[in-house]
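Accompanying notes for the structure given below.
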Amino acid sequence: INQGRILPPYGMKVEADRASMKLRVSSSKDSVTERFDDIKNAVSQISSLASENEAISLEDTSVNQVSGGSSRATAVPYFESFDSSSANLKLTIDLGEQSHSLLNSLIIFNDFLNDLNLSETITVQALSVATEISNPEMYRPELIAKVYQELEAVQQEYGQAVKFEITGLHSNLQTIQLTDTEYYIYLEPNIIVSEF
């Protein structure tokens, strides 16, 4: 990103505090039930290995099921109508602990994946590796303070007759990624200024 670009007002630069890797775990077993059990066992093994690893945490797990429908005239159990199953996992590394960098995190993730000893029917696919801000809401009070500081400066310049109506201070925080580890986090308030 061009560092010379104009960034939105009411924001601040923030360093990412964790790296994350998203994985998809799928099974090549024939039946839906076997695939589901196979994936469940794989996720359990990954979870166990992550709990033993001081650097890595298993942050999130979700199961995906893609409906294939049924061409058979007879009714089939609901679960059997799914023709594909997979699970998505999110592993994270705290960048603040033990001086972990993004590059160091990639090495740790790679070593973790190499340590997995899963069934031959299991496929583990890395979907993405990125840095992120684990708790962007912690910056909201400071961003709101920036909005009020600017408006107070306007009132000091033009007098107390200037009135403001502000909305959007509690809407979603926006982010722009500046570098691999640096983000610009900002608010987009609506400010109506009136002078009496």
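Across segment 169-196, what is the total count of residues that are part of a loop (DSSP other than H, G, I, E, B) and surrounded by 10 or more Cβ atoms within 10 Å (Cβ to Cβ)?
11
Quick check on segment 102-116. Is at least one of its residues modelled with pLDDT under 90 and in a strand (DSSP E or B)?
no
Scan segment 176-196 and report the pairs whose first residue is on the phi < 0 side of the Ramachandran plot and whose second residue is acidic (Asp, Glu) and surrounded by fewer than 16 Cβ atoms within 10 Å (Cβ to Cβ), with Cβ atoms within less than 7 Å and a gap of 6+ or a chain change.
From residues that are on the phi < 0 side of the Ramachandran plot, the pairs are 181/15; 182/15; 192/165.
Under 6 Å between Cβ atoms, at least 6 apart or on separate chains: pull out the pairs that start in segment 11-24 with a residue that is more than 21 Å from residue 107 (Cβ to Cβ) and end on any residue that is aromatic (Phe, Trp, Tyr).
Hits for this filter: 11/184; 11/186; 13/184; 14/183.
When segment 119-168 is examined, which residues are found to be β-branched (Val, Ile, Thr), open to solvent by 40 Å² or more (accessible area, probe 1.4 Å) and at pLDDT 90 or above?
123, 124, 129, 167
When you check residue 154 against the structure, is it farther than 30 Å from residue 43 by Cα and part of a strand (DSSP E or B), yes or no?
No: the conditions fail for residue 154.
The values are calculated or read from the model by the stated rules, or taken from the named source; none is laboratory data. All figures in this text were calculated on a predicted structure; none of them were measured in a lab. Positions of Cβ are backbone-derived with ideal geometry, glycine not excepted, and every protein chain shown enters the neighbour counts. Keep in mind that these areas ignore ligands, DNA and RNA; they rest on the heavy atoms of the full protein, side chains included. Shrake-Rupley method; radii C 1.70, N 1.55, O 1.52, S 1.80 Å.
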